[in-house]
Amino acid sequence: MATEVGPTSVKAPASGGAPIHHAPKGVGEDNRIATQGRWAAWLLAPTIIALSVVIVYPIITAIVMSFQKDAGLDPATGLFVEGGPAGFSNYINWIFQQCPAPSGGTVDCPPGTLGAQFWSATGTTFFFTIVTVALETVLGFWMAVIMARAFRGRSLVRAAVLVPWAIPTAVTAKLWLFIFAFEGIGNKLFNTSILWTGSEWPARWAVIIADVWKTTPFMALLILAGLQMIPAEVYEAAKVDGATAWQRFRMITLPLVKPALMVAILFRTLDALRMFDLPYILTGGANNTTTLSILVINQIRQGFNAAAALSTITFIIIFLVAFIFVRFLGANVVEQQTGAGKGKK
Amino acid sequence: MTAATSAATELRAEQDRGRKVAQNREKWASGRTYISAVVILFWCLAPAYWMVVTAFRDVGYTYDTSILPTHVTLDNFKTAFDTSFGNHFGQALLNSLFIGTVVTVVSLIIGVFAAYALARLNFKFKYLVLGFILGASMFPGVALITPLFQLFTNIGWMGTYQALIIPNISFVLPLTVYTMTSFFREMPWELEESARVDGCTQGQAFRKVIMPLAAPAIFTTAILAFISSWNEFLIASQLSSDATQPVTVAIASFAGAQPNQIPYTAIMAAGTIVTIPLVILVLVFQRKIVAGLTAGAVK
């Protein structure tokens with residue numbers, strides 16, 4: 001760790017607008033922070049402006065759009081309508097699965113239409129997220145523990161786990177599609193004859209297996225980095241005190257690796273909630289593998305505004321999950337980022 | 001006397017036994033470690049190996065399941081670049097290179113300043129800015145695509161390079177900023193001050209001391225940024241045209257001679273071409289990349 005000095009020390013009040021009230025030095029410190037603040041503003045401006053243009057502006061536009069009616073043929077009159085304010089009708093369309101009826105008013109969306117798929121897509125998205133993140137956490141932890149041990153060939157293993165990570169998701173999807181082909185190596189290896197992409201559960205498991213293969217390495221490397229920050233002496237002391245391997249794992253490894261683990265789980269969860277490429281290419285969203293992201297994409301060409309409402313709902317869901325993680329499960333990303341946890345090491 | 005000797009022998013025997021048990025346990029433990037390592041190697045490498053083997057296999061033997069390479073041919077690579085079935089793989093490779101390079105360079109130039117400020121300076125709202133950038137990196141792509149789709153349709157940007165590059169920057173820039181911030185925080189900045197004391201100007205200190213030290217960090221971040229842009233699919237699948245599509249889209253929509261037969265061998269060849277440079281890059285810079293990947297999460 002770099003031993004930083006003066007105002008750059010992590011222990012200095014980083015977000016401190018509060019003036020420091022001690023003697024003559026305080027004035028200089030204030031000036032220093034003010035100067036640095038001015039510098040920081042200039043240096044940060046390009047990034048903030050760029051992100052505002054490419055993220056904040058589209059978000060606001062999407063929210064505005066979601067309250068507009070899609071232009072199209074009015075089912076009641078058969079005439080072309082321009083759109084206009086829609087109130088919450090786009091949201092009602094998704095959440096209560098109500099579609100406009102030809103006679104005016106709304107009816108339950110007929111099965112098969114996109115409007116009828118919101119809850120099943122939400123369910124699928126959460127199912128994928130929970131199962132993949134759980135599997136990745138367990139497998140990733142196991143891989144990390146192995147990679148943390150000293151043995152010959154360790155660097156080979158550490159290099160090998162980067163291979164699935166480096167393969168683009170689109171290629172991963174096609175590769176697993178081939179492995180899961182009816183006459184493919186997957187069925188041959190397990191001596192089965194499953195039509196993997198042909199029905200609900202095989203298709204879902206195909207997506208899950210491919211996703212776990214692709215992203216476990218990332219999890220494993222994050223956990224490994226956390227493991228390596230635990231000093232070896234702690235383990236030795238515990239050994240001397242007669243702690244069993246299981247006790248050492250439960251009382252030392254888990255609590256000390258928890259901050260890194262929580263951040264890894266948070267990153268992966270948010271990533272899984274927006275899953276798109278893999279199911280889109282692997283199954284095309286057929287057989288109940290349509291995630292929320294796929295549903296948005298399918299909706300775009302049928303009406304921007306309804307799609308905007310759905311993408312806003314997706315955004316809110318992801319935001320809420322992130323909030324729960326940070327607020328209640330203690331995944332303090334910003335603290336980790338700013339190095340406030342550094343002192344603990 | 002005999003009692004004492006026998007007690008001593010017994011003790012020694014006991015110790016020997018104890019040592020043997022410990023040795024055995026150690027051997028057993030390292031044996032298990034090796035078995036686990038082999039399982040990990042197989043799980044990570046076998047599918048990738050299968051892609052390469054299939055890429056070199058004659059199309060007539062697509063579903064051959066022998067583990068070693070059989071019916072080896074280079075035809076699939078020719079098929080991958082063939083444009084007669086409406087595929088544009090060669091063009092797509094160039095597009096991905098171009099988009100990836102622009103996105104990486106722009107993100108680095110913009111991001112390096114922000115990272116310097118976040119790592120080195122003290123200012124109000126630092127946490128707010130960090131939270132904003134981290135939030136941006138976890139932002140769902142679909143939330144951007146709808147307004148961008150409409151906006152780009154209205155201003156006639158659909159299928160242009162800028163329509164692909166601009167949203168891509170929104171994904172890559174936050175990643176660049178927080179990776180570089182972590183790297184910068186670890187750098188020995190005292191050297192900059194020492195250089196000043198030794199009579200360098202601030203500019204000289206930056207050029208001659210800091211830049212050479214920061215170069216590896218910037219380079220690693222560039223690799224991560226490029227890989228991230230190279231992998232992008234969601235935005236590109238909706239906003240690109242045949243002329244501007246990147247490789248991910250080209251591979252996802254790869255068509256064969258028969259409409260209902262997926263040309264797996266050619267797709268695996270294309271996949272191999274797309275993947276091999278990345279894998280080599282990643283293996284060569286393994287240490288740096290792992291440091292960069294995990295920089296945001298621990299420390």
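The values are calculated or read from the model by the stated rules, or taken from the named source; none is laboratory data. This structure is a prediction, so every number in the text was calculated from the model and none was measured. We place every Cβ from the backbone using ideal geometry, glycine too, and count neighbours over all the protein chains shown.
With the requirement that a residue be within 16 Å of B:Ile273 (Cβ to Cβ) and part of a helix (DSSP H, G or I), what does region B:51-84 give you?
Within region B:51-84, B:Met51, B:Val52, B:Val53, B:Thr54, B:Ala55, B:Asp75, B:Asn76, B:Phe77, B:Lys78, B:Thr79, B:Ala80, B:Phe81 meet the criteria.
For a quick check of your reading: which helices (runs of 4 or more DSSP H) sit entirely within region B:245-299 and have at least 3 residues that are more than 29 Å from B:Thr160 (Cα to Cα) and facing chain A (nearest Cβ under 9 Å)?
Because the criterion is at least 3 residues that are more than 29 Å from B:Thr160 (Cα to Cα) and facing chain A (nearest Cβ under 9 Å), the helices (runs of 4 or more DSSP H) in region B:245-299 that meet it are B:264-284, B:286-295.
Tell me which residues, restricted to region B:74-85, are of a type in the set (Ser, Thr, Tyr) and buried (at least 16 other Cβ atoms within 10 Å of the Cβ). So that I can check it myself, show each step before the final result.
Initially, region B:74-85 is screened for residues of a type in the set (Ser, Thr, Tyr), giving B:79, B:83-84.
The one that is of a type in the set (Ser, Thr, Tyr) and buried (at least 16 other Cβ atoms within 10 Å of the Cβ): B:Thr79.
Looking at region B:213-235, can you tell me whether even one residue there is more than 30 Å from B:Asn154 (Cβ to Cβ) and without any contact (Cβ under 8 Å) to a residue 24 or more places away in the chain?
yes
Can you confirm whether region B:130-138 contains a residue that is surrounded by fewer than 21 Cβ atoms within 10 Å (Cβ to Cβ), touching a Leu at 6+ places or on another chain (Cβ under 8 Å) and assigned to a loop (DSSP other than H, G, I, E, B)?
Within region B:130-138 (the criterion being surrounded by fewer than 21 Cβ atoms within 10 Å (Cβ to Cβ), touching a Leu at 6+ places or on another chain (Cβ under 8 Å) and assigned to a loop (DSSP other than H, G, I, E, B)), the answer is yes, since at least one residue qualifies.
Can you name every one of the helices (runs of 4 or more DSSP H) wholly within region A:139-246 that holds 1 or more residues which are basic (Lys, Arg)? Steps first, answer last, please.
Details: elements: A:154-160, A:162-166, A:169-179, A:185-189, A:200-227, A:232-240.
By residue number, A:154-160, A:169-179, A:185-189, A:200-227, A:232-240.
Of the residues in region A:236-261, how many are surrounded by fewer than 16 Cβ atoms within 10 Å (Cβ to Cβ) and of a type in the set (Ser, Thr, Tyr)?
1
Please find, among A:Ala238, A:Ala225, the residue that is farther than 20 Å from A:Val157 by Cβ, of a type in the set (A, V, I, L, M) and touching a residue at least 12 places away in the same chain (Cβ under 8 Å). Even if it seems obvious, please write down each step before you answer.
Numbers: A:Ala225 fails: farther than 20 Å from A:Val157 by Cβ.
So the residue among A:Ala238, A:Ala225 that is farther than 20 Å from A:Val157 by Cβ, of a type in the set (A, V, I, L, M) and touching a residue at least 12 places away in the same chain (Cβ under 8 Å) is A:Ala238.
Is it the case that region B:198-208 has a residue that's within 13 Å of another protein chain (Cβ to nearest Cβ) and within 23 Å of B:Gly111 (Cα to Cα)?
Looking for residues that are within 13 Å of another protein chain (Cβ to nearest Cβ) and within 23 Å of B:Gly111 (Cα to Cα), one finds at least one in region B:198-208, hence yes.
Check region A:106-122 and report whether any residue there is of a type in the set (Gly, Ala, Ser) and either touching a strand residue (DSSP E or B) at 6+ places or on another chain (Cβ under 6 Å) or facing chain B (nearest Cβ under 8 Å) (or both).
Scanning region A:106-122 turns up at least one residue that is of a type in the set (Gly, Ala, Ser) and either touching a strand residue (DSSP E or B) at 6+ places or on another chain (Cβ under 6 Å) or facing chain B (nearest Cβ under 8 Å) (or both).
Working carefully through the options B:Gln91, B:Gln150, find the one that is under 23 Å from B:Ala236 (Cα atoms), facing another protein chain (nearest Cβ under 7 Å) and either in contact with a strand residue (DSSP E or B) (Cβ under 8 Å, 6 or more places away or on another chain) or surrounded by fewer than 20 Cβ atoms within 10 Å (Cβ to Cβ) (or both).
Numbers: B:Gln91 fails: facing another protein chain (nearest Cβ under 7 Å).
The unique qualifying residue is B:Gln150.
If you check A:Thr197 against the conditions, is it among the hydroxyl-bearing types (Ser, Thr, Tyr), at pLDDT 90 or above and surrounded by 13 or more Cβ atoms within 10 Å (Cβ to Cβ)?
Working: among the hydroxyl-bearing types (Ser, Thr, Tyr): yes; at pLDDT 90 or above: no; surrounded by 13 or more Cβ atoms within 10 Å (Cβ to Cβ): yes.
So A:Thr197 fails the test.
Looking only at region B:51-73, filter to residues that are within 11 Å of another protein chain (Cβ to nearest Cβ) and surrounded by 20 or more Cβ atoms within 10 Å (Cβ to Cβ); which one of those is nearest to the chain's Cα centre (by Cα)?
Among residues in region B:51-73 that are within 11 Å of another protein chain (Cβ to nearest Cβ) and surrounded by 20 or more Cβ atoms within 10 Å (Cβ to Cβ), the one nearest to the chain's Cα centre (by Cα) is B:Met51.
Which ranges mark the helices (runs of 4 or more DSSP H) fully within region A:17-129 that have 3 or more residues being at pLDDT below 85 and within 36 Å of the chain's Cα centre (by Cα)? Show your work before the answer.
Details: elements: A:25-51, A:57-66, A:89-95.
Here the list reads A:25-51, A:89-95.
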